[in-house]
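A single structure is presented below for examination.
The values are calculated or read from the model by the stated rules, or taken from the named source; none is laboratory data. As the structure is a prediction and not an experimental result, all values here were calculated from the model. Reconstructed Cβ throughout: ideal geometry from the backbone, glycine too, with neighbour counts over all protein chains shown.
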Amino acid sequence: MNLDRVRNLVQQHLITKTDFLSVKDKLDEDQLRLQTKSAIDFICAQNEIVLTDEEKGSLIREMVSSVISLGPLRPLMEDDTITEIMINGPDTIYLQKDGKIELSDVKFADSKELMHTVQKILSASGSGRRVDESSPYVDFSFPDGSRVNIILPPVSLVGPVLTIRKFSSQIETLEDLLKLEMLSPEMGDFLIAAIKAKLNIIFSGATGTGKTTALNVLSKYIPEEERIITIEDTAELGLKQRHVVRLQAKSSNIEGKGVISIRDLFINSLRMRPDRIIIGEVRGSEALDLIQSISSGHSGSLAIVHGDSPRDCYNRLVTMLLMSGIHLSVDEIRRQIVSAIDLIVHVELFVDGKRRITHIADLQHDKEKNEVSLHDIFYYKQEKITDEGKVLGNWFVKKRKPSFHDKFVKRNVKLDKNFFE
């Protein structure tokens, strides 16, 4: 039995069989260690598990650190209605709840206490990253997938700034997205079919709209037998398949050396016999390698690109390829992108706090006019906003044969027989 399994059993025991949740805020570090050790001993005895002193000590340090590192932020992290925590110095903390931002009454005593919490959080994350005056900003993730960004003075003029985007373990299936009204059932069926047909899909949207959540959920429909390579700046993707290789970019060391970029990892991943490549976010010259690898036969790729609309996402891809230094005309670059990317799935955050997939667009190239066009297969039309602030609207479908129809036929992926008519 591995340590992850023991950790889960101990956490479950502490939460369900003891008064840990109600007393943990009153315990000092030594008391937390004692209670954690007792729980580990109990679980090991009950399940006939043998841990070495080193394994037991490591588990105690990790679990205690995860409790004490959050300081005043602990109740905010434990509140499932809060999706984002934005700390602008010690006495200004904003929260995002139900898609809306509000000021919290939680404060730190001073910058020193906030800085202490920052370092404890970074240490407990197990990311191996650092932040100080010489390297004043850092991105990393918690073990649960929550993403953290820290930026310190002198770059920040308001003191230490900490932004935590919490990972929701409650959104795991297509049914969860349907309950949240993020898409329609027909769109869900189509996207699952698109994953099975190994379409190359770009998820676009602004910050915090739910692009990664949508990708995470849909990636669950990748067949179990396929080898998946994920490439990220900061670990956010949570694929459940067994055959997944996770790669993460590396920042420079204290001497400014040792950088390993997304592009470096992508080029290496092509030698790792991938069935699928998933990139957490495309933002630079790796776009060129992505487009070229897809064009050379690596189908079924998924990626995220920031953009305000499908057209803006496409234009950003063109710009990234131009900035890569490739010696091709703009027209040739556009044709390469269209031949490589099958779908753009665009997600938006509305004023009522709901996240919705507003476009599923097919990229097509008109040879006669030499123009690139984006045809909506599905789109969302907002009709009105009620007095209570709720957005009302509907999804619509344009049933026409898309440019990638042959991929559905080739892989024997079937939708309703009238779907593409």
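Answer yes or no as to whether ARG283 is out of contact with any Gly (no Cβ under 6 Å at 6 or more places or on another chain), modelled with pLDDT under 90 and either crowded, with 24+ Cβ neighbours inside 10 Å or in the same structural domain as ILE202 (by TED's automatic domain parsing) (or both).
yes
Working only within region 371-399, note down all residues that are more than 16 Å from VAL338 (Cα to Cα) and loosely packed, with under 13 Cβ neighbours inside 10 Å.
Those that are more than 16 Å from VAL338 (Cα to Cα) and loosely packed, with under 13 Cβ neighbours inside 10 Å: LYS381, GLU383, LYS384, THR386, ASP387, GLU388, GLY389, LEU392, ASN394, PHE396, LYS398, LYS399.
Return the residues of region 171-224 that are within 16 Å of the chain's Cα centre (by Cα), more than 22 Å from ASN315 (Cα to Cα) and among the aromatic types (Phe, Trp, Tyr); say none if nothing qualifies.
none
What about PRO160, is it buried (at least 20 other Cβ atoms within 10 Å of the Cβ) and farther than 20 Å from HIS359 by Cα?
Working: buried (at least 20 other Cβ atoms within 10 Å of the Cβ): yes; farther than 20 Å from HIS359 by Cα: yes.
When the stated conditions are applied, PRO160 passes them.
Moving on. Could you give me the residue pairs with C-beta distances under 9 Å whose first residue belongs to region 386-403 and is aliphatic (A, V, I, L, M), whose second residue is in a loop (DSSP other than H, G, I, E, B) and loosely packed, with under 14 Cβ neighbours inside 10 Å wherever it lies, and which are 6+ apart or on separate chains?
Sorted first by the residue in region 386-403, then by its partner, the pairs are VAL391/VAL351; LEU392/THR386.
Here are ILE82, ILE49, ILE40, ILE60: which of them is in the same structural domain as GLU102 (by TED's automatic domain parsing) and either within 30 Å of GLY353 (Cα to Cα) or at pLDDT 80 or above (or both)? Spell out how you get there, then give the answer.
Working: ILE49 fails: in the same structural domain as GLU102 (by TED's automatic domain parsing); ILE40 fails: in the same structural domain as GLU102 (by TED's automatic domain parsing); ILE60 fails: in the same structural domain as GLU102 (by TED's automatic domain parsing).
So the residue among ILE82, ILE49, ILE40, ILE60 that is in the same structural domain as GLU102 (by TED's automatic domain parsing) and either within 30 Å of GLY353 (Cα to Cα) or at pLDDT 80 or above (or both) is ILE82.
Are any residues in region 347-376 over 30 Å from GLY389 (Cβ atoms) and either outside the structural domain of SER309 (by TED's automatic domain parsing) or not in a strand (DSSP E or B) (or both), and if so, which ones?
Let us first name the residues in region 347-376 that are over 30 Å from GLY389 (Cβ atoms), namely 362-375.
Scanning region 347-376 gives LYS367, GLU368, LYS369, ASN370.
Could you pull out the residue among ARG276, ARG246, ARG242 that is over 30 Å from ARG335 (Cβ atoms) and either under 18 Å from the mean Cα position of the chain (by Cα) or crowded, with 20+ Cβ neighbours inside 10 Å (or both)?
On the way: ARG276 fails: over 30 Å from ARG335 (Cβ atoms); ARG242 fails: either under 18 Å from the mean Cα position of the chain (by Cα) or crowded, with 20+ Cβ neighbours inside 10 Å (or both).
Only one candidate passes the filter, namely ARG246.
Within region 348-370, can you find the residues that are loosely packed, with under 13 Cβ neighbours inside 10 Å, of a type in the set (D, E, K, R) and more than 22 Å from LEU199 (Cβ to Cβ)?
Within region 348-370, the first condition is being loosely packed, with under 13 Cβ neighbours inside 10 Å, and the residues that meet it are 351, 366-370.
Pick out the ones that are also of a type in the set (D, E, K, R) and you get 366-369.
If the condition is that a residue be loosely packed, with under 13 Cβ neighbours inside 10 Å, of a type in the set (D, E, K, R) and more than 22 Å from LEU199 (Cβ to Cβ), then GLU368, LYS369 are the ones that fit.
Can you find, within region 163-222, the residue that is modelled with the lowest pLDDT among those that are farther than 30 Å from TYR94 by Cβ and among the polar types (S, T, N, Q)?
Residue satisfying both the conditions and the ranking: THR173.
Now for a different question. Since THR117 meets every condition but one in (1) hydroxyl-bearing (Ser, Thr, Tyr); (2) surrounded by fewer than 19 Cβ atoms within 10 Å (Cβ to Cβ); (3) in contact with a Gly (Cβ under 6 Å, 6 or more places away or on another chain), which condition does it not meet?
Result: THR117 passes all but (2).
Given the structure, is SER251 under 20 Å from the mean Cα position of the chain (by Cα), within 23 Å of GLU371 (Cβ to Cβ) and hydroxyl-bearing (Ser, Thr, Tyr)?
no
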